[in-house]
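Peer 1: First the structure, which I've put down as structure tokens, then a few questions once you've had a look.
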Amino acid sequence: MVCEKPSGQNGSDNAAAQPGDRPFDSTALAWLVGEGIRHLHSSDKEGELAFQRVVELLSHSRSSVKTVIELSHRVAREDVSLRWSLIHLLGEFGDESSAEFLRQTAIEQLPAEEKRQVCESPRDGEVLIRTAAVQSLVRVASRHPAVQEMFLHLVADRPVRAVLIEAVKAAIELGLRDKVAQLLPEQDKWMLEIKRVRVQEIAADPERKDSGERGFTPPKSKCSTTTPVISCCSRTEK
Amino acid sequence: MASCTYSVPDLNASGDNLYGPRVCWQQFIDWAWEAFDFDRDDWDEGFGYEAVCDNTQPLCRALAGIFCLTYSSPNFPRESYDSNILEWGCRFARNAIDELDARCGDGTAIASTRTGPLIDNYTRLFLSFFYGQGVSLRAGTLVHEARHADGKGHDSGNNDSSWAYNGAWRWQVCWLAWYAAEGVNSSIAMREQARQRANNIINSRFDTHPGFNV
């Protein structure tokens, strides 16, 4: 994404698309990875089953991990969702040969934090990639105990707090609590006590009651229509 | 006026191939256009006004976020404030956000909201909102900005001081966490991404860590 001139306070902007890359066209294995990504993002049982089948097929090839890592290097840095998906796929494989790549991804230096008054920034996408790498590494380590030591190195590397906490949680999950406790400085030992809560235990207080304005009520979803329709939304996925 | 260029990321991985066809529904577009007060001048010139069903363009991708925010609760069309934020998030957002505009931005922020008495109030979505986030994260950003549009800013720089402050970060975490747990018509990947993003916010955006993850 390139901005030739930042947006001002007044007037609208104009934007233009540039042609994108087609990373899954390079080899048959890359194509199969692309199919895996497609099914990973489907919303029905059929798609979930297809995803499992693709993972099974890819797991039979010794080159799959290498292909996914090559694709990770090839895709545009800005395509956070695709990079995240490729990392997630490596977790599904659970192959030991992906461990070093995942560790390197988790500790890769982040862009500098924005000092100005901004809430979310593209840096948050980069943090998401790194925490996803930690989560995939946990899945690898759960199958290959030799990888578990990597979490101690991760903690010792002192990544940014969000990544560090994921590494601490992972190490505890893998039974390394005592070793991690030794690595953490006194002021960070509270990380060992972070609980995982059920969603029912958290809430945002809307500070208002139902009697207030409801505004424009959204149309009922097409899926909730019971009369016959000429086309149904459940089959529109490609 | 600023000019900008973008490359379109993978449409499967961002969820735009899942949500794009859902958005292409005139009744929904008519409703969202009014409810979030879109204006043509803010969404033409390459931002998608002329091709609202084109999921490579900003308008369709913003509508995908709104669709996700609107229809992900298993209790829809109920929108009670007595329930969880997945249920009432859209109701709150459409009432709090004064108008929704598209801009190039300068590459630093994903979105911003200006609010106050006697000034033009608006929420602006920048290129990284459309092309740097999957659909469920866009919906989470809309909840965050809606909290600002309601007049609640951050009380510690770009952070909230605590969970008890009940600010935009808490609201975003709650929406993402509920979506991850109970969101309907979604994908496993989109829900997992939402859960991870929620934890990243909990772990980095509160001066006093709340002591839990989801």
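Peer 1: So residue B:55 fits all but one of (1) among the polar types (S, T, N, Q); (2) touching a residue at least 40 places away in the same chain (Cβ under 8 Å); (3) within 9 Å of another protein chain (Cβ to nearest Cβ); what number is the exception?
Peer 2: (3)
Peer 1: Tell me, yes or no, whether the range B:34-41 has at least one residue that is over 15 Å from residue B:143 (Cβ atoms) and basic (Lys, Arg).
Peer 2: Yes, that holds for at least one residue.
Peer 1: Which of the numbered conditions does residue A:169 fail, given that it passes all the others? Conditions: (1) without any contact (Cβ under 8 Å) to a residue 24 or more places away in the chain; (2) of a type outside the set (S, T, N, Q); (3) in a helix (DSSP H, G or I).
Peer 2: Of the numbered conditions (1) without any contact (Cβ under 8 Å) to a residue 24 or more places away in the chain; (2) of a type outside the set (S, T, N, Q); (3) in a helix (DSSP H, G or I), the odd one out for residue A:169 is (1).
Peer 1: Can you list residue pairs whose Cβ atoms sit under 9 Å apart, with the first residue in the range B:153-178 being farther than 19 Å from residue A:201 by Cβ and the second being assigned to a loop (DSSP other than H, G, I, E, B) and among the β-branched types (Val, Ile, Thr)? Count only pairs 6 or more apart in sequence or on different chains.
Peer 2: Every condition considered, the pairs that remain are B:153/B:115; B:158/A:118; B:161/B:208.
Peer 1: Condition (residue is among the aliphatic types (A, V, I, L, M) and over 23 Å from residue B:67 (Cα atoms)) applied to the range B:122-139: is it met by at least one residue?
Peer 2: Filtering the range B:122-139 down to residues among the aliphatic types (A, V, I, L, M) leaves B:125, B:127, B:135, B:137, B:139.
Of the ones still in play, those that are also over 23 Å from residue B:67 (Cα atoms) are none.
No - not one qualifying residue is present in the range B:122-139.
Peer 1: Can you tell me which residues in the range A:155-168 are charged (D, E, K, R) and under 14 Å from residue B:204 (Cβ atoms)?
Peer 2: Listed by number, the residues that qualify are A:161, A:166.
Peer 1: Now for a separate question. Would you pick out the residues in the range B:66-89 that are among the charged types (D, E, K, R), assigned to a loop (DSSP other than H, G, I, E, B) and in contact with a Lys or Arg (Cβ under 9 Å, 6 or more places away or on another chain)?
Peer 2: Kept after step one, since they are among the charged types (D, E, K, R), are these residues of the range B:66-89: B:78-79, B:82, B:87.
Retained after the next criterion (residues that are assigned to a loop (DSSP other than H, G, I, E, B)): B:78-79, B:82.
The answer is B:79, B:82.
Peer 1: Look through B:112, B:80, B:128 and report the one residue that is within 10 Å of chain A (Cβ to nearest Cβ), of a type in the set (Ser, Thr, Tyr) and closer than 19 Å to residue B:11 by Cβ. Break it down stepwise before answering.
Peer 2: Working: B:112 fails: closer than 19 Å to residue B:11 by Cβ; B:80 fails: closer than 19 Å to residue B:11 by Cβ.
Every option except B:128 fails the conditions.
Peer 1: So which residues in the range B:86-100 are surrounded by fewer than 21 Cβ atoms within 10 Å (Cβ to Cβ) and within 9 Å of chain A (Cβ to nearest Cβ)?
Peer 2: If we filter the range B:86-100 for residues that are surrounded by fewer than 21 Cβ atoms within 10 Å (Cβ to Cβ), which is where we start, we get B:95, B:98-99.
Matches in the range B:86-100: B:95 only.
Peer 1: Now, a different point. Hey, residue B:31 hits all of (1) in a helix (DSSP H, G or I); (2) under 28 Å from residue A:42 (Cβ atoms); (3) more than 7 Å from chain A (Cβ to nearest Cβ); (4) among the hydrophobic types (A, V, I, L, M, F, W, C) but one; which does it fall short on?
Peer 2: (3)
Peer 1: Looking only at the range B:161-199, how many residues end up being under 19 Å from residue B:13 (Cβ atoms) and either part of a loop (DSSP other than H, G, I, E, B) or touching an Asp or Glu at 6+ places or on another chain (Cβ under 8 Å) (or both)?
Peer 2: The total comes to 7.
Peer 1: Turning to a different aspect of this structure: Go through the residues of the range B:29-45 one by one and say whether even a single one is of a type in the set (A, V, I, L, M), within 23 Å of residue A:17 (Cβ to Cβ), touching a helix residue (DSSP H, G or I) at 6+ places or on another chain (Cβ under 8 Å) and at pLDDT 95 or above.
Peer 2: Yes; the residues of the range B:29-45 include at least one that is of a type in the set (A, V, I, L, M), within 23 Å of residue A:17 (Cβ to Cβ), touching a helix residue (DSSP H, G or I) at 6+ places or on another chain (Cβ under 8 Å) and at pLDDT 95 or above.
The values are calculated or read from the model by the stated rules, or taken from the named source; none is laboratory data. What you are looking at is a predicted structure, and each value in this text was computed from that prediction instead of being measured. All Cβ positions, glycine included, derive from the backbone under ideal geometry; neighbour counts span all protein chains shown.
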